[in-house]
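Below: the structure, in structure tokens.
The values are calculated or read from the model by the stated rules, or taken from the named source; none is laboratory data. Given the structure is predicted, the values throughout are model-derived calculations rather than measurements. When we count neighbours, we look across all protein chains shown, and the Cβ atoms used for this are built from the backbone with ideal geometry, even at glycine.
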Amino acid sequence: MDGSDGHDGEFTIGAALSLGGGNVRQARMAAAGLVQAVEDARRAGGVTVGGRRLLPRLALLDDGGTTEGLRHSLDYYRRQLADYL
């Protein structure tokens, strides 16, 4: 641990959801659940991953409810944003 704030760093969880597509209600409920889980974990001081205490962050992208949108979102996460999908 770095000693100042009780954790060793952060990691990002990425999720591609159809926030603007045909499954808006389900996607919004899933997003709310993910946000709550990340907030709970952060309040608890993080999670242990590989022996290190890390704070989760959440990155949500709207895939537009299309296969192409999902591919684009997953590629973007892979290249830039997320440690875990």
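Residues that are under 26 Å from Ser73 (Cα atoms) and not aliphatic (A, V, I, L, M) were ranked within the stretch 47-61; the one that is surrounded by the fewest Cβ atoms within 10 Å (Cβ to Cβ) is Arg57. Kindly provide the set of residues from the stretch 57-70 that are over 12 Å from Ala15 (Cα atoms) and either part of a loop (DSSP other than H, G, I, E, B) or out of contact with any Asp or Glu (no Cβ under 7 Å at 6 or more places or on another chain) (or both), ordered by number. Answer for the stretch 57-70, where residues must be over 12 Å from Ala15 (Cα atoms) and either part of a loop (DSSP other than H, G, I, E, B) or out of contact with any Asp or Glu (no Cβ under 7 Å at 6 or more places or on another chain) (or both): Gly64, Gly65, Thr66, Thr67, Glu68. Just one residue in the set Val47, Val35 is in contact (Cβ under 8 Å) with a residue 12 or more places away in the chain and among the β-branched types (Val, Ile, Thr); that residue is Val35. For the stretch 41-56, name all the residues that are out of contact with any helix residue (DSSP H, G or I) (no Cβ under 8 Å at 6 or more places or on another chain) and not in a helix (DSSP H, G or I). Hits for the stretch 41-56 are Ala44, Gly45, Gly46, Thr48, Val49, Gly50, Gly51, Arg52, Arg53, Leu54. Taking the criterion of being among the hydrophobic types (A, V, I, L, M, F, W, C), at pLDDT 95 or above and either more than 19 Å from Ala82 (Cβ to Cβ) or in a loop (DSSP other than H, G, I, E, B) (or both), would at least one residue in the stretch 6-26 satisfy it? No - not one qualifying residue is present in the stretch 6-26.
All of (1) among the hydrophobic types (A, V, I, L, M, F, W, C); (2) assigned to a helix (DSSP H, G or I); (3) at pLDDT below 95 hold for Val38 with one exception: (3).
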